[in-house]
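**Student:** The following block contains the structure, expressed as structure tokens.
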Amino acid sequence: MPPSPPSASGPAFSRVSAIRHPRFCARLLAAGAVMGVLGGCKLVDQRTFDPNAGRPPVPHVPHHPGPKPIAPFLVVRAGTPEAEWRPVVTHAAQVALARKPGVLFVLTGLAPDHATPADQVRALGAVASGDERAVADAIIAAGAPPLQVQMQVRTDPGGMRRVQVDVR
């Protein structure tokens, strides 16, 4: 019987002889060692440097609300007779100046919202030239230099017309 023709992949040999071949055994051992070493490695990716990478962000919710608003030093509501608020403002200004001679009185005239900008300007002007100016004059008459009295006006949605006095 004639010998069998060689296969297309190479010369014919038995499996037993290939396993016993020294170069094959060395390569097999080297491949096994490399697989054993690399199998325990961690791949370097974006989570190597940032463990939260790729995860959806978690919004930060503060545990407590912001600080409570500080109540104004004085509040003079519109329509209060001057005979009622002037002695209180004078006494408060004198006490504040006695404790801190360089105190700054910040007067804020507040007016409610109006339908049109023209009405709003008129309302703010009335607060500034009327109520707020009278309170500022009372503070200056109590002994505060005019440079220590700061005046400002703004709208207060839903509020009523008034003058707040803060000290700094």
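The values are calculated or read from the model by the stated rules, or taken from the named source; none is laboratory data. Just so you know, these numbers come straight off a predicted model, no measurement behind them. Cβ coordinates were reconstructed from backbone atoms using ideal geometry, including for glycine residues, and neighbour counts include every protein chain displayed.
**Student:** Can you list residue pairs whose Cβ atoms sit under 8 Å apart, with the first residue in region 80-96 being in the same structural domain as Leu107 (by TED's automatic domain parsing) and the second being loosely packed, with under 15 Cβ neighbours inside 10 Å and modelled with pLDDT of 95 or more? Count only pairs 6 or more apart in sequence or on different chains.
**Tutor:** If the second residue must be loosely packed, with under 15 Cβ neighbours inside 10 Å and modelled with pLDDT of 95 or more, the pairs left are Thr90/Ala141; Ala93/Gly143; Gln94/Gly143.
**Student:** Looking at Arg122, is it without any contact (Cβ under 8 Å) to a residue 12 or more places away in the chain and under 16 Å from Arg161 (Cα atoms)?
**Tutor:** Answer is yes for this residue.
**Student:** Limited to region 126-137, what total is found for residues that are of a type in the set (Gly, Ala, Ser) and in contact (Cβ under 8 Å) with a residue 12 or more places away in the chain?
**Tutor:** Qualifying residue count for the region: 4.
**Student:** Now for a separate question. Suppose the filter is in a loop (DSSP other than H, G, I, E, B) and either surrounded by 10 or more Cβ atoms within 10 Å (Cβ to Cβ) or touching a Leu at 6+ places or on another chain (Cβ under 8 Å) (or both); does Pro51 pass it?
**Tutor:** It is false that Pro51 is in a loop (DSSP other than H, G, I, E, B) and either surrounded by 10 or more Cβ atoms within 10 Å (Cβ to Cβ) or touching a Leu at 6+ places or on another chain (Cβ under 8 Å) (or both).
**Student:** Taking region 54-94, which residues are among the small types (Gly, Ala, Ser), in a helix (DSSP H, G or I), farther than 18 Å from Val106 by Cβ and touching a helix residue (DSSP H, G or I) at 6+ places or on another chain (Cβ under 8 Å)?
**Tutor:** none
**Student:** Would you confirm whether or not region 113-121 contains a residue that is at pLDDT below 95 and surrounded by 15 or more Cβ atoms within 10 Å (Cβ to Cβ)?
**Tutor:** yes
**Student:** Applying the selection to region 141-168, what residues are surrounded by 15 or more Cβ atoms within 10 Å (Cβ to Cβ) and outside any strand (DSSP E or B)?
**Tutor:** The answer is Ala142, Ala144, Gln148, Asp156, Arg161.
**Student:** Looking at this structure, is Ala123 in contact with a His (Cβ under 7 Å, 6 or more places away or on another chain), assigned by TED's automatic domain parsing to the domain that holds Ala144 and closer than 30 Å to Arg168 by Cα?
**Tutor:** Yes, satisfied.
**Student:** Let me ask something else. With Leu97, Leu104 as the choices, which residue is modelled with pLDDT of 85 or more, in contact with a helix residue (DSSP H, G or I) (Cβ under 6 Å, 6 or more places away or on another chain) and surrounded by 10 or more Cβ atoms within 10 Å (Cβ to Cβ)?
**Tutor:** Leu104
**Student:** One residue is enough: does region 130-152 have a residue meeting the conditions closer than 28 Å to Val95 by Cβ, within 32 Å of the chain's Cα centre (by Cα), basic (Lys, Arg) and assigned by TED's automatic domain parsing to the domain that holds Glu82?
**Tutor:** No: region 130-152 contains no residue that is closer than 28 Å to Val95 by Cβ, within 32 Å of the chain's Cα centre (by Cα), basic (Lys, Arg) and assigned by TED's automatic domain parsing to the domain that holds Glu82.
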